[in-house]
Amino acid sequence: MGTVEPQVAQSSAVQDVTDGFHLVIDALKLNDIDTIFGLPGIPITDFTRMAQAAGMRVISFRHEQNAGNAAAIAGFMTQKPGICLTVSAPGFLNGLTALANATTNCFPMILISGSSEREIVDLQQGDYEEMDQLAIAKPLAKAAFRVLHAEDIGVGIARAIRAAVSGRPGGVYLDLPAKLFAQTMDAEASKKSLIKVVDPAPKQIPGTDAVKRAVDLLKGAKKPLIVLGKGAAYAQADAEIRSFIEKTGIPYLPMSMAKGLLPDTHQQCASAARSYVLPEADVVMLVGARLNWLLSHGKGKTWGGKGHKDWGSQKFIQIDISPQEMDSNVRIDAPLVGDIGSCVAALLAAIDSNAGSNWKKPERKNKNVAKMAETLARDPKPMNFHSALNVVRDIVKANPDAILVNEGANALDFTRSIVDMYKPRKRLDVGTWGIMGIGMGFSIAAAVVSGEAVIAIEGDSAFGFSGMEVETLCRYNLPVCVVVFNNNGVYRGTDVNPTGGLDVAPTVFVKGARYDKLMEAFGGVGVHATTPAELRGAMEEAIRSRRPTLINAVIDEAAGTESGRITSLNPQSARKK
Ligand code: ADP
Ligand code: TZD
């Protein structure tokens, strides 16, 4: 007994004090954040251990950019900010690309980086991994904060959460200096200092005049069209959006990550007649989609304008939570500022007519669908994008809950147009920047957050940016089936060095590479597939077994085109040859 008593006394004394490590963990948990994507090292290694000990899911990556991409897409899928945790300077910089990409795509995430000693950093005296991270993050993030004192951790986390998810979501940087983690604080006082954020993303109700303006425009329209963007997918107003579209009968075009918000096979889906409906429409309602390059800035030939800068004759209604988005490219005749759920509900209550009935029967669409079916049915040797994607299309149809991650150029464009999606937020891809490298980070987060099977369709170049994370897939035994469309290079594998020198052309990789062996190296399943039948068998088995799988799908190296669908964005010199 004599030896026990002092121990009890000692531990109760320790319990009265907490530290920065535990306060950050408590603040996150208090706000229902249960997962951290990161990579350990000074000064956050113990933090990762303590977070795991406290019951959080800590997913460790091989490179911070992939952890950051995981956090960003977790934010998109759940409306809670995804957390990425890194070490100072180089780890922070590795995570920063993902943070900037999240901000660009309106995904809520928080990049938490440990940082070196302020006194030394600010005097530039050469500390270990010295960098003024806050200053560097600011222009690339929606908001950036630093916490210097343990008693401010509660406020710091609360501000970061609000900044990430309220209004237009985005990436937030939170700088936590090494010394902060070690600071101690009275446990009772520390509890009171934490904040559980109430209503982090408040509804924004549109004005009644703005709703009327939009309804009037729609009622007067002869050929209205709805464009659904990834903001509409993010908003999780799936039922309201579907009701509005079906009640009005208006055809709709889903942007890439809005595919599946309504099934792509829906009779009002105009994807297969995109080049027909955009110039034909007289009123276009944008729902969570920006008129950026992906929509040709709302003008030019795509929209029926004569020259590439000429406006078509459409009038625009735009639903967006960001008032500054309006008029960014062309005039917005009826801006509807608010959250998509509230805006669509208001429109639904105000509209009675079947505004979409003036469109002709969808002959164009049916013709294009028939043409595509013919192309998909061919069985060329070697396999090309179409014959391989015919398989993927069937597998996704049979497994509509599976999440499809997609990157590459041709591998991206063909997958987007060939593979139908059936449910909301099931397609995750390169987004607004067309960034390569999201593949494994998105796949890991999608599997961790949803528990569903993930299918990643990857160009061989695209895969290389995050390929080392197949070890992470194996380590956490995630149900991810990676399909590498291997055509021996960037876009294709047929370029030659014009000098006849020994170096291959800049776009060409090692011929006949076996990406499947990479997965086998870590205990996952690797398959080498040269025919659609082999690909089908391997994908079916991967979905069934839920084991991490990588299928090296050999694609005709001549099949791809330069930059896929966006060849025209490559600058062409005006110099006469
Ligand atoms: P896409 O690339 O699919 O066309 P964008 O990323 O360009 O989509 O556009 C998404 C838009 O959605 C952004 O302008 C953003 O402000 C908006 N947005 C995001 N969440 C909401 C929301 N809950 N309510 C209204 N607008 C939203
Ligand atoms: N670096 C980053 C970060 N993002 C990019 N988008 C690029 C480079 C340029 N790029 C593209 O836009 S697509 C692509 C690159 C390198 C790869 C295309 O080759 P792939 O796909 O093998 O992934 P396909 O199917 O062969 O076209």
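The values are calculated or read from the model by the stated rules, or taken from the named source; none is laboratory data. Predicted, not measured: the structure shown is a model, and the values here were computed from it. Because the Cβ atoms are built from the backbone with ideal geometry, glycine has one as well, and the counts that use them run over all protein chains shown. Note: areas computed on protein heavy atoms with side chains; ligands, DNA, RNA excluded. Shrake-Rupley method; radii C 1.70, N 1.55, O 1.52, S 1.80 Å.
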*Restricting the search to the range 281-294, which residues are surrounded by 22 or more Cβ atoms within 10 Å (Cβ to Cβ) and more than 20 Å from Gln236 (Cα to Cα)?*
Ala281, Val283, Val284, Leu291
*asked:* Would you confirm, using the coordinates I've provided, whether Glu188 is touching a helix residue (DSSP H, G or I) at 6+ places or on another chain (Cβ under 6 Å) and among the acidic types (Asp, Glu)?
replied: no
*asked:* I need the full set of residues from the range 309-336 which are among the acidic types (Asp, Glu) and in contact with a helix residue (DSSP H, G or I) (Cβ under 9 Å, 6 or more places away or on another chain), in order please.
replied: Asp310, Asp320, Asp333
*Name the one entry in Pro251, Pro224, Pro263 that is away from ligand 1 (no atom under 16 Å from the Cβ), closer than 19 Å to Pro424 by Cα and crowded, with 19+ Cβ neighbours inside 10 Å.*
Pro251
_Pair list, Cβ under 6 Å, 6 or more apart: the range 15-26 residue closer than 14 Å to Ala178 by Cα, other residue surrounded by fewer than 19 Cβ atoms within 10 Å (Cβ to Cβ)_ = Asp19/Thr184; Gly20/Gln183; Phe21/Met50
*Would you tally the residues in the range 160-183 being part of a helix (DSSP H, G or I), open to solvent by 10 Å² or more (accessible area, probe 1.4 Å) and not aliphatic (A, V, I, L, M)?*
2
*Select from the range 149-159 the residues that are in contact with a helix residue (DSSP H, G or I) (Cβ under 9 Å, 6 or more places away or on another chain) and open to solvent by 30 Å² or more (accessible area, probe 1.4 Å) and write down the one among them that is nearest to Tyr234 (Cα to Cα).*
Val155
*asked:* Where the second residue is of a type in the set (S, T, N, Q) and the first is touching a residue at least 24 places away in the same chain (Cβ under 8 Å) and lies in the range 190-202, which pairs have Cβ atoms under 7 Å and are six or more apart or on separate chains?
replied: Ser190/Thr18; Lys196/Asn31; Val197/Asn31; Pro200/Ser166; Ala201/Gln79; Ala201/Ser166; Pro202/Ser166
*asked:* I need a count of the residues in the range 110-159 that are outside any loop (DSSP other than H, G, I, E, B), touching a Pro at 6+ places or on another chain (Cβ under 8 Å) and at pLDDT 95 or above.
replied: 4
